[in-house]
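First the structure, in the form of structure tokens, and then the observations on it.
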Amino acid sequence: MQPEGLFLYKGLLAPDAQAALVSDLREAVALAPLFAPLTPWGKPMRVRMTSLGRFGWYSDRKGYRYVERHPSGVAWPPIPPAVLAIWDQAAPGARAPECCLVNYYAEKAAMGLHQDRDEADMSQPVVSLSLGDPALFRVGGLERGAPTTSFDLESGDVLVMSGAARRVFHGVDRIRFGRSSLLKGGGRINLTLRVVT
């Protein structure tokens with residue numbers, strides 16, 4: 001049973017729109033390159049990431065937080081209009097997103113169960129867009145040990161976590177590498193839109 005407030009829109013972004021968006025993202029990543037943050041315990045994450053918008057998500061030995069600049073010192077690139085349009089479609093009435101976290105999953109990348117809780121206004125949804133290879137996504141409850149369920153997120157899918165589902169534990173078990181031809185060399189891009197302040 002899925003938590004209340006979790007909505008999955010299969011194939012919301014058409015293939016041609018996916019390809020155009022990947023082109024936009026390549027330009028942004030050229031300005032603010034992907035990097036592997038350190039966890040507070042000093043281990044590099046298996047996912048490489050960057051951000052778009054007013055804020056970017058960051059982690060190091062000091063903890064998890066939002067910062068206004070890329071580790072190189074440059075400002076985060078703006079969120080592309082096509083991504084903002086997805087937010088408007090999937091989360092009508094929500095405040096405008098201030099951060100678009102860009103995660104790149106290579107063949108063996110994964111992300112353990114976690115909650116998104118570094119934002120000040122938890123009443124606002126999190127909207128996630130998948131591009132490239134499918135991911136086996138796991139979602140649980142409000143406690144780490146709660147039962148979980150898993151399902152595939154495929155290229156063009158949009159997942160909304162709102163209401164009670166805004167605080168659930170979730171993660172990516174694995175990437176079904178090589179199933180999509182969208183990204184040269186394979187892998188998955190996940191865009192996660194959030195209101196920060």
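The values are calculated or read from the model by the stated rules, or taken from the named source; none is laboratory data. Everything numeric in this text was worked out from a predicted model, so none of it was measured. FYI the Cβ positions are ideal-geometry reconstructions off the backbone, even for glycines, and counts take in every protein chain you see.
Observations, loosely collected:
- Hey, F137 buried (at least 19 other Cβ atoms within 10 Å of the Cβ), among the aromatic types (F, W, Y) and modelled with pLDDT of 95 or more or not: yes
- Scanning the stretch 150-197 for residues that are polar (S, T, N, Q) and farther than 22 Å from C99 by Cα returns S150, S180, S181.
- Cβ-Cβ distances below 9 Å connect the following pairs, each with a first residue in the stretch 26-42 that is under 15 Å from I189 (Cα atoms) and touching a residue at least 60 places away in the same chain (Cβ under 8 Å), a second residue that is among the basic types (K, R) and part of a strand (DSSP E or B), and a separation of six or more residues or different chains: L34/R48.
- Filter pass, R46 being assigned to a helix (DSSP H, G or I) and basic (K, R): no
- Residue in the stretch 10-26 that is small (G, A, S), assigned to a loop (DSSP other than H, G, I, E, B) and farther than 23 Å from P125 by Cα present: no
- The sole residue among R144, R188, R166 that is surrounded by 19 or more Cβ atoms within 10 Å (Cβ to Cβ), modelled with pLDDT under 95, of a type in the set (K, R) and in contact with a strand residue (DSSP E or B) (Cβ under 7 Å, 6 or more places away or on another chain) is R166.
- Qualifying residue in the stretch 66-84 (condition: within 19 Å of M122 (Cβ to Cβ), without any contact (Cβ under 8 Å) to a residue 60 or more places away in the chain and exposed (fewer than 15 other Cβ atoms within 10 Å of the Cβ)): no
- From V127, V195, V158, residue being more than 26 Å from D16 (Cβ to Cβ), among the β-branched types (V, I, T) and crowded, with 19+ Cβ neighbours inside 10 Å: V195
- The residues in the stretch 13-23 that are more than 16 Å from the chain's Cα centre (by Cα) and either touching a residue at least 40 places away in the same chain (Cβ under 8 Å) or within 25 Å of R65 (Cβ to Cβ) (or both) can be counted, and the count is 5.
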